[in-house]
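Asker: Got a structure for you, written out below as structure tokens; questions coming shortly.
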Amino acid sequence: MDRMNRRGFLECMAWAGTGVVWTATGGILSSRVLPASAAAPAGGGSFSFVQVSDTHVGFKGEANKDATVTLQQVVAKINALPTPPAFVIHTGDLTHGQKAGAFDTVTEVLKGVKTDNVLYVPGEHDVFVDGGKEFLGRYAKGGPGWQSFDYKGVHFVGLVNVLKYKGEHIGALGAEQITWLKQDLAGLSSSTPVVVYAHVPLWAVYPAWGWVTEDSQQAMALLTRFGSVTVLNGHIHQVLQKVEGNVTFHTAMSTAFPQPAPGTAPGPGPMKIPEEQARPMLGLREVRYTVGTAPLAVVDSTLA
Amino acid sequence: MKAIARSKPRARRAILASVAALTALVLLVTPGAVSRAQSPVSPVSVVSIDIKDSKFIPPALTVPAGTTVRWTNQDEETHTVTSTTNLFASAGLDLGEAYTYTFAAPGVYVYTCDLHPFMQGTIVVK
């Protein structure tokens, strides 16, 4: 790379909140600003989907008096997109601490999205009270929560990295899930685009604040052979991105409250700023796939 | 003279009886007063720990056996107080909520937060 060092990369990534499309080919970033009315390129097999994350329904704090209201605003924004998403992926922390009624609210509000399906992986706030019983019963038919499906030739994998597997703490995938992943990917050709989604970042964003998955290397090793891998995470309530060969990692904004950039505050908790200051730091993401191109285009947009 | 001489033993018995009654009353009202007098008096104490900026403050504490520790969450984020040996565990604590545990036995007690495993605290009980 020429003069783009890591800090410059991260500063550039901060612009992702203003409707800029970033694409990366061979590690080189290029961008173009989207006109507000741009629709996804026409072409058979192309589609888009939406990622929302960290909706924290039940949270009440300085940055947001009612997380349900901002979630409803995000749903309105999704329904205003020029191209309806094929489905919505929620990368976890649906609720704030499994508060009574919160899962019901999330499910009901997201039913208002004009889309065919909503997929969920849990955040730690969704599982710590009961070891995942409520979440997995509601969204995984009581199964382990990891999942995969194919859509128009793209392979999607949802991973769970917030449950305690055999003594590990949150921020781990566990041996059983990694074994499952290996079998799940085994039959795919390396030209299949792969999208992986999980709550806690699958790269070491900031371990001191728990922004890391301790055994993610084992999972990523299974993905390096693919020509296009897009990793979508949540948990840190801000957009950060990283490119590693053919793998692009993207963390997402929350729809509820922002968290500080790594190391810029005494702790990772909710930023204590007024609502009007927090709103431009909340948002959603649209991901677009065009047949024959790689990587997938990621477009972040904010609530204000 | 004879009347006074005769009344002295009765008065003495009456005084003895009242003293016995008073003593019994004192013993009833303050149970264990006799046994307590045989060992040093240890006052019941409550020690506070704050949970702030996703840290336990102070992170390490030494207390005498019998101390009650009271953790109070000062963060908007939810935290728990969870022993790493499953000895004690709070529910999720919101801002302003507290959890107490009384440490009866000497030992070293390590605890964490279920939502934030990078948080760690230690109570040394002597």
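Asker: How do the peptides B:106-112, A:198-204 rank, highest first, by the average count of neighbouring beta carbon atoms within 10 Å per residue?
Answerer: A:198-204, B:106-112
Asker: Which of the pairs A:Lys77/A:Lys111; A:Lys141/A:Lys164; A:Lys65/A:Lys272; A:Lys272/B:Lys55; A:Lys133/A:Lys272 have their Cα atoms more than 21 Å apart in this structure?
Answerer: On the way: A:Lys77/A:Lys111 14 Å; A:Lys141/A:Lys164 19 Å; A:Lys65/A:Lys272 12 Å; A:Lys272/B:Lys55 17 Å; A:Lys133/A:Lys272 32 Å.
Pairs exceeding 21 Å: A:Lys133/A:Lys272.
Asker: OK, next. Starting from one equal scatterer on each C-alpha and no solvent at all, send me the Debye-based log10 I(q)/I(0) for the stretch B:46-125 at q = 0.12 Å⁻¹, two decimals.
Answerer: These q points yield log10 I(q)/I(0) values of -0.27.
Asker: Another one. Under a Cβ-Cβ cut-off of 13 Å, what is the net charge of the residues other than A:Asp184 that fall near it, where Lys and Arg count +1 and Asp and Glu count -1?
Answerer: Working: positive: A:Lys182; negative: A:Asp150, A:Glu176.
Surrounding charge for A:Asp184 is -1.
Asker: Please give the length that would be gained between A:Thr192 and A:Thr290 if that part of the chain were fully extended, namely 0.36 nm times their separation in residues minus their C-alpha to C-alpha distance (nm, one decimal). Don't skip to the end; give the middle numbers.
Answerer: On the way: separation 98, 0.36 × 98 = 35.28 nm, distance 1.29 nm.
So the extension gain works out to 34.0 nm.
Asker: To continue, here is another question. Determine, for A:Thr255, B:Thr62, B:Thr122, the number of other Cβ atoms within 10 Å of each Cβ, and report the residues in order from fewest to most.
Answerer: B:Thr62, B:Thr122, A:Thr255
Asker: Hey, another quick one. Lys and Arg at +1, Asp and Glu at -1: add these up for the other residues within a Cβ distance under 13 Å of A:Phe149 and post the number.
Answerer: In short, -2.
Asker: What is the distance in Å between the Cα centroid of the stretch B:59-126 and that of the stretch A:130-209?
Answerer: Using only Cα atoms, the two centres lie 31 Å from each other.
Asker: Still on this structure, I have one more. If you count, for each residue, the other Cβ atoms within 10 Å and average over each peptide, how do A:53-65, A:221-233, A:69-81 line up from highest to lowest?
Answerer: Peptide ranking by packing, descending: A:53-65, A:221-233, A:69-81.
Asker: Right, something else. Based only on other Cβ atoms within 10 Å, what is the fewest-to-most ordering of A:Arg138, A:Arg285?
Answerer: Ordered by Cβ neighbours within 10 Å, fewest first: A:Arg138, A:Arg285.
Asker: Among A:Ser48, B:Ser45, what is the fewest-to-most ranking by other Cβ atoms within 10 Å?
Answerer: Numbers: A:Ser48 22, B:Ser45 11.
Ranking A:Ser48, B:Ser45 by Cβ neighbours within 10 Å, fewest first, gives B:Ser45, A:Ser48.
Coordinate-derived values only; no laboratory data. Nothing here was measured: the structure is a model prediction, and the numbers come from that model. In this analysis, Cβ positions are derived from the backbone assuming ideal geometry, glycine residues included, and neighbour counts consider all displayed protein chains.
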